[in-house]
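No value in this document is a laboratory result; all are computed from the given coordinates. This one's a predicted model, so the numbers in the text were calculated from it and none came from an experiment. Don't worry about glycine lacking a Cβ; one is built from the backbone with ideal geometry, like all the others, and counts go over all protein chains shown.
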């Protein structure tokens, strides 16, 4: 496990213990179950979607709050721009997040019928319950931080609370673990996306080549998500050509003075690329053109 993930794991454990000292798991579960249903995650039939991210700080980019007067206005711009979901950082040490940001985002996004996802370094089902109690409709689960049994426990909790999951991998080994875990979940009534994060967690640099090198390793049957490094319209077109169905975009949108406009352009570019790719495949299937 990288230095950043090791630090985040320890910090998450400390926050978990503090939260448990304030509220029992039984009481938290009751609060989570009493929440009104979150908006469902719906992916466009046009073949490409964006999960837009709200984060006030990043270990690699530093302060990201310059163009963000408040969480509510930023996530509303994302919803109006067409995001299928909004990822909200709740990690306080390195990302400037808090659960209150999640609650505020969920409140303003409900009328737009857009779900929020708790993005954090979760290690225990208790934290999935925290997310649902704060209004989240989904959670991030990072494969590299957990063994298979703990991954399964988080997925089971999300399933019971009717939350979607973004299962995040960083390399081929992570993707193999994801495939093994998911193979045992056939028949579950749940929504799981599988993300490939191309950020090097030690150097905090982005290795976009990872998205192409590992595209064929993505588990079949689960919407593949490209994470980190999708900054331009060209990047969007490229990842769609590689087979990614969704992009999680954070820093680029946080830095944008007009995120709604940029998001709209990204969605238009991605969907045009997806439609072109689908049309080409159909023509190949019909024998009208040769593959390659």
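Counting other beta carbons within 10 Å of each residue's own, what order do 145, 266 fall into, fewest first?
If I rank by nearby Cβ atoms, fewest first, I get 145, 266.
If we count other beta carbons within 10 Å of each Cβ, what is the order of 198, 33, 54, fewest first? Write out the running numbers ahead of the final one.
On the way: 198 22, 33 12, 54 27.
Starting with the residue having the fewest Cβ neighbours, the order is 33, 198, 54.
With the cut-off at 1.5 for a/c, could you classify the range 202-292 from its C-alpha gyration tensor as rounded, prolate or oblate?
Because a/c hits 1.5 or more and a/b fails to exceed b/c, the range 202-292 counts as oblate.
Given the convex hull of the Cα atoms of the range 127-268, what is a quarter of its surface area in nm²? Intermediate values should be presented prior to the final figure.
On the way: hull surface 36.8 nm².
About 9.2 nm², averaged over all directions.
Expressed as a whole number of Å, what is the distance separating the alpha-carbon centroids of the range 243-292 and the range 188-203?
Their Cα centres are 19 Å away from one another.
Taking every DSSP beta bridge that has both residues in the range 3-285, what percent is antiparallel when rounded to the nearest 5?
Antiparallel bridges: around 10 percent, rounded to the nearest 5.
How are the alpha carbon pair distances in the chain distributed across 5 Å bins from zero to the largest one, expressed in percent?
The calculated distribution, bin by bin, is 1, 6, 12, 17, 19, 18, 14, 7, 3, 2, 1, 0, 0, 0.
To the nearest 0.05, how large is the calculated FRET efficiency for residue 188 and residue 34 if R₀ is 22 Å and r is the Cβ-Cβ distance?
0.40
Please give the FRET efficiency for residue 232 paired with residue 25, using the beta carbon to beta carbon distance and R0 = 35 Å, rounded to the nearest 0.05.
Computed FRET efficiency for residue 232 and residue 25: 0.20.
How do 8, 35 line up, fewest other C-beta atoms within 10 Å first?
Lowest count first: 35, 8.
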